[in-house]
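So the structure is just underneath, and the comments pick up after that.
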């Protein structure tokens with residue numbers, strides 16, 4: 001167990017051994033959870049949870065539905081364009 005101190009600005013330094021064991025890098029967003037025993041820090045999810053209905057509003061395509069074949073062709077075209085643009089520099 002490690003000790004740390006609360007600064008006048010409300011900041012706490014998380015010991016390096018704890019940051020390393022949790023793979024927390026500089027800038028890691030954390031969720032602060034109050035518990036009966038103290039405070040729990042957990043990594044913030046990369047994307048906040050949302051329902052399908054909430055996400056559907058961010059879709060901008062309003063044309064007719066695409067078939068799986070059309071989608072596969074579009075993916076292949078994109079892959080070909082990327083390959084041509086990189087000119088074999090992978």
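Odds and ends about this structure:
- Summed over segment 26-59, the residues that are surrounded by fewer than 10 Cβ atoms within 10 Å (Cβ to Cβ) and in contact with a helix residue (DSSP H, G or I) (Cβ under 8 Å, 6 or more places away or on another chain) give a count of 0.
- Helices (runs of 4 or more DSSP H) wholly inside the chain containing at least 2 residues that are in contact with a strand residue (DSSP E or B) (Cβ under 8 Å, 6 or more places away or on another chain): none
The numbers here are math on the coordinates, done by the rules we state, and not lab data. What you are looking at is a predicted structure, and each value in this text was computed from that prediction instead of being measured. All Cβ positions, glycine included, derive from the backbone under ideal geometry; neighbour counts span all protein chains shown.
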